[in-house]
Amino acid sequence: MIAPALLAIVISAGAISEGKETIDFRKIKSTTNFKLLLPDQTSVRNWDVEVKWPYPLKFDQPIRNLRLHYFDQRGEYVLGIEQHGVKGYTFKVECIEIDARNHTSRSHIETRFFEQSTAGEMIPIHGAKAYFEAWDSREPMPGGILHWIQGDTYVEVNSGELTKEQMVEIARSMK
């Protein structure tokens, strides 16, 4: 049995295939509660795309957030793109308070409203301020995280394989 976390839907050439069923990108776009932005096909070099979440992909309710994984011809992970709406987007955070003196801890869940970070190098994309943060690693590695708000959509692109310039090129192709 395959664990649910490992299951995915693979997208190729503008359509999504799950078993024998094919779903068009337009159907996903019509179900999101934000404007879904996709890279131009020439920018992603005809890589395979996996809808990582939501899983399972359901069309009977609005999709609040979406994560796509792009893989090259060898099946190697190259790029991730995460998107969600900005207005009213909330997420839950577990807060843990540790009392070292009394050897106790307690935790609680907080709901927070989304706010974009402004850390990193500012790069203009489609008139918006995008921010790029390189990976913080001991060994030099390409890529990092590039994120911006376009209209009412938050977009986050990450890669450990592509350079900052390649990531910006893909980001600028997204419509």
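Computed values, structure above
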{"item": "Members of K35/K58; K27/K129; K27/K175; K27/K92; K92/K129 lying beyond 22 Å, as alpha-carbon distances in this model show", "result": "K27/K129; K27/K92; K92/K129"}
{"item": "GNM flexibility winner over the chain from D136, D152, D40 (Cα, springs under 10 Å)", "result": "D136"}
{"item": "Solvent-accessible area per residue for the stretch 109-175 (1.4 angstrom probe, square angstrom)", "result": "58 Å²"}
{"item": "Base-10 log of normalised Debye intensity for the stretch 84-175 (one unit scatterer per alpha-carbon) at q = 0.10, 0.14, 0.15, 0.25 Å⁻¹", "result": "-0.39, -0.66, -0.71, -1.20"}
{"item": "Spatially proximal aspartates and glutamates relative to K29 (Cα-Cα < 20 Å; intrachain offsets below 8 disregarded)", "result": "E18, E21, D40, D48, E50, D60, E82, D152, E156"}
{"item": "Degrees separating the helix 164-173 axis from the principal Cα axis of the chain, which is the longest one", "result": "60 degrees"}
{"item": "Integer Hz, Karplus 6.51/-1.76/1.60 couplings in order for the stretch 142-157, x for Gly and Pro", "result": "x, x, x, 10, 10, 9, 7, 10, 10, x, 10, 10, 8, 10, 10, 10"}
{"item": "Portion, in percent, of the accessible area of the chain that falls on carbon or sulfur, probe 1.4 Å", "result": "51 percent"}
{"item": "³J(HN,Hα) computed for each position of the stretch 27-33 - Karplus, 6.51 cos²θ - 1.76 cosθ + 1.60, integer Hz, glycine/proline x", "result": "5, 5, 4, 6, 9, 6, 9"}
{"item": "Value at 222 nm in deg cm²/dmol, rounded to 500, when DSSP H runs of n ≥ 4 in the chain each add -39,500 (n - 2.57)", "result": "-2500 deg cm²/dmol"}
{"item": "Interchain or long-range residues, amide H under 5 Å from A130's placed H", "result": "I123, I125"}
{"item": "Karplus 3J(HN,Hα) series, Hz, for the stretch 99-108 with 6.51 cos²θ - 1.76 cosθ + 1.60 (x for Gly, Pro)", "result": "10, 5, 5, 9, 6, 10, 8, 8, 9, 8"}
{"item": "Relative contact order of the stretch 25-175, pairs being alpha-carbon contacts under 8 Å that are 6 or more residues apart, as %", "result": "22 percent"}
{"item": "Relative contact order [Cα under 8 Å, 6+ residues apart], the stretch 41-122, whole percent", "result": "19 percent"}
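The values are calculated or read from the model by the stated rules, or taken from the named source; none is laboratory data. On a predicted model such as this, the values are computed, not experimentally measured, just so you know. Just the protein is used for accessible areas: all its heavy atoms, side chains included, with ligands, DNA and RNA removed. Shrake-Rupley method; radii C 1.70, N 1.55, O 1.52, S 1.80 Å.
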